[in-house]
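K.L.:
Input: one structure, supplied below.
The values are calculated or read from the model by the stated rules, or taken from the named source; none is laboratory data. Bear in mind the structure is a predicted one, so any value in this text is a computation, not a measurement. Positions of Cβ are backbone-derived with ideal geometry, glycine not excepted, and every protein chain shown enters the neighbour counts.
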Amino acid sequence: MATSALTVDVWSDIACPWCYVGKRRLEAALKRFAHAGSVEVTWHSFELDPAAPPSRNDGTTQAERLAKKYGMSVQQAQARIQQLTNVAKGDGLTMAFDRVQSANTFDAHRVLHMAESKGLRVQDAVKERLMRGYFTEGALVSDHAVLARLAGEAGLDGAEVADMLASDAYAADVRADEEQARTLGIHGVPFFVMGQRYALSGAQPADVVLRALNEAWAARGEASAAEGAVCGPDGC
């Protein structure tokens, strides 16, 4: 009898730094997971700021925008950014917050749903490319031409992506993901659901993720949860 796959459903946003860290830690855990070949990871949509305009670049720095949004000094905001940059570096990520272009991510999530229709490996590659573009390269992920280019580099047909973005395709899929997140009580991301039962909130250390994978694989029994660092509407 064939072994059934272990599903890992992840709600996250392209513009969420802890989501990028969480992705790396999930990948690190999977490298050590004995049944990694039987794991199916699906990336679900979650917008930290659904009302965000296409672009919020007004000449201010990321630290200035963060300070204004959360009522802190620019120095405090810069310290928070540096701390997160250091954490990300420890997980092998380069986050260039001085280059980040804050933007609405709804269309980026539509691209991820299109990628999912081509296969979960394709979706994962596109997710990675969009996050690297946003956090490392300063890509404006609300721009359709930029999205088509990045998705094309990750395995999709760029022209097909551009045509899709010119329509309202996959908009309902994004909204369905977000409604499911509300139903599950998800208020911050990343949020992982393993085996449709085991919940893991936040960018947990790889050891914690691995333990969750093993428990979900072995038992798939009573629902349980663990919490870590997340990004939510009130900040990261």
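K.L.:
Quick check on my filter: what residues within the stretch 79-108 are more than 19 Å from VAL21 (Cβ to Cβ) and either hydroxyl-bearing (Ser, Thr, Tyr) or at pLDDT 95 or above (or both)?
P.N.:
ASN104, PHE106, ASP107
K.L.:
Let me ask something else about it. What are the residues in the stretch 115-147 that are touching a residue at least 60 places away in the same chain (Cβ under 8 Å), over 12 Å from the mean Cα position of the chain (by Cα) and either part of a helix (DSSP H, G or I) or over 25 Å from GLN62 (Cα atoms) (or both), if any?
P.N.:
Within the stretch 115-147, GLU116, LEU120 meet the criteria.
K.L.:
Quick check on my filter: what residues within the stretch 101-122 are in contact with a helix residue (DSSP H, G or I) (Cβ under 8 Å, 6 or more places away or on another chain) and of a type in the set (Ser, Thr, Tyr)?
P.N.:
Result: SER102, single match.
K.L.:
Being closer than 18 Å to LYS127 by Cα and not assigned by TED's automatic domain parsing to the domain that holds PHE191 narrows it down to one of VAL39, VAL74, so name that one.
P.N.:
VAL39
K.L.:
Turning to a different aspect of this structure: Tell me, which helices (runs of 4 or more DSSP H) wholly within the stretch 9-93 include 1 or more residues that are under 16 Å from the mean Cα position of the chain (by Cα) and closer than 21 Å to PHE192 by Cα?
P.N.:
Passing ranges, in order: 17-32, 74-90.
K.L.:
Right, here's the next one. Is it the case, given these coordinates, that LEU150 is part of a helix (DSSP H, G or I) and more than 14 Å from the chain's Cα centre (by Cα)?
P.N.:
yes
K.L.:
Of everything in the stretch 157-176, what is part of a loop (DSSP other than H, G, I, E, B) and in contact with a helix residue (DSSP H, G or I) (Cβ under 6 Å, 6 or more places away or on another chain)? Give them in sequence order.
P.N.:
Once the filter is applied, which keeps residues that are part of a loop (DSSP other than H, G, I, E, B) and in contact with a helix residue (DSSP H, G or I) (Cβ under 6 Å, 6 or more places away or on another chain), the stretch 157-176 yields only TYR170.
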